[in-house]
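The values are calculated or read from the model by the stated rules, or taken from the named source; none is laboratory data. A quick note: this is a predicted structure, and the numbers were derived from the prediction, not measured. Here the Cβ positions follow ideal geometry from the backbone for every residue, glycine too, while neighbour counts run over all protein chains shown.
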Amino acid sequence: MTKLDSNSEVACQLYLITPPRIDEEELPQFLEKLENALKLGGVSCLQLRIKNPDNTPAPDMVIGQIAKMLVPLVQSYDVPVIMNDRPDLAAKYGCDGVHIGQEDTKYKEARALVGDKAIVGVTCHNSRHLAITASEAGADYVAFGSFYQTKTKSPKFYTNPSILQWWNEMTHIPCVAIGGITVKNCLPLIEAGADFLAVSASIWDHKESPSMAISEFNSAILNDGSSG
């Protein structure tokens, strides 16, 4: 799977993001939890996003140690792996694509590094202009947010579901909703036309397990799709 495609059979899909920090000694346990979650289905892709405690980029060696074990596992479930920020590391560790922010590598350079068949997604915050620019450049998807308060990072921009509705009226290029999304607040985003929900803390910090969180999201998405 080399493109992030929306599935017309369901209202929306999950765009799973790793926890920002995975200690080396915790990696085997994390991979086990991840595999159990992937077995449930509903996860369209996994973004590998590893940061230092102060939210600065983690060392390449740390990212590489995780990527070597995580990428083949996730791909064995036919789920693409997208590297956050770093197209060079995406290419090095066999990821299926890269997600770039407005302050990261420019689209043209990222595309050159990962190749024409890879996924390149672009953060567009709350900006219609940035989204149009990204799509015209060739982005495979655009990401809007933050829609809600989030513990994973400190958002500089907030937006609302109307931008998702506008985007879907404009184009068929998939859009990802990101920022503080939970089972309890995801329905307005699905109804507005989000093709994918980016989720992290609501999965990994679930009081029972990541698998239970995935199951709850899948139920919410299916129920919304059946009622719509």
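Brief remarks on what is shown
- Number of the condition not met by PHE147 [criteria: (1) hydrophobic (A, V, I, L, M, F, W, C); (2) buried (at least 22 other Cβ atoms within 10 Å of the Cβ); (3) free of Cβ contacts under 8 Å to residues at least 40 places away in the same chain; (4) within 28 Å of PRO57 (Cα to Cα)]: (3)
- Taking each residue of region 7-30 that is part of a helix (DSSP H, G or I) and looking for partners that are buried (at least 17 other Cβ atoms within 10 Å of the Cβ) and not hydrophobic (A, V, I, L, M, F, W, C) with beta-carbon atoms closer than 9 Å, six or more apart or interchain, yields PHE30/THR18; PHE30/PRO19.
- Residues in region 43-63 that are of a type in the set (Val, Ile, Thr), buried (at least 19 other Cβ atoms within 10 Å of the Cβ) and not in a helix (DSSP H, G or I): VAL43, ILE50.
- Answer residue from region 197-212, given it is in contact with a Ser or Thr (Cβ under 6 Å, 6 or more places away or on another chain) and buried (at least 19 other Cβ atoms within 10 Å of the Cβ) and is nearest to LYS3 (Cα to Cα) among those: SER200
The rows are residues; the columns are (1) crowded, with 18+ Cβ neighbours inside 10 Å; (2) touching a helix residue (DSSP H, G or I) at 6+ places or on another chain (Cβ under 8 Å).
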{"site": "GLN65", "(1), (2)": "no, yes"}
{"site": "MET69", "(1), (2)": "no, yes"}
{"site": "LEU73", "(1), (2)": "no, yes"}
{"site": "TYR77", "(1), (2)": "no, yes"}
{"site": "ILE82", "(1), (2)": "yes, yes"}
{"site": "ASP85", "(1), (2)": "yes, no"}
{"site": "GLY94", "(1), (2)": "no, yes"}
{"site": "GLY97", "(1), (2)": "yes, yes"}
{"site": "GLU103", "(1), (2)": "no, no"}
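- ASN168 falls short on exactly one of the conditions (1) under 14 Å from the mean Cα position of the chain (by Cα); (2) more than 29 Å from GLN29 (Cα to Cα); (3) part of a helix (DSSP H, G or I), and that condition is (1).
- Any hit, region 122-136, residues being crowded, with 19+ Cβ neighbours inside 10 Å and in a loop (DSSP other than H, G, I, E, B): no
- Selected residue [touching a helix residue (DSSP H, G or I) at 6+ places or on another chain (Cβ under 6 Å), assigned to a loop (DSSP other than H, G, I, E, B) and among the aliphatic types (A, V, I, L, M)] from LEU40, LEU4: LEU40
- Taken over region 23-43, the criterion of being at pLDDT below 95 and either under 22 Å from ILE221 (Cα atoms) or not acidic (Asp, Glu) (or both) is satisfied by LEU40, GLY41, GLY42.
- Residue ID - surrounded by the fewest Cβ atoms within 10 Å (Cβ to Cβ), chosen from residues in region 150-165 that are touching a residue at least 60 places away in the same chain (Cβ under 8 Å) and polar (S, T, N, Q): SER154
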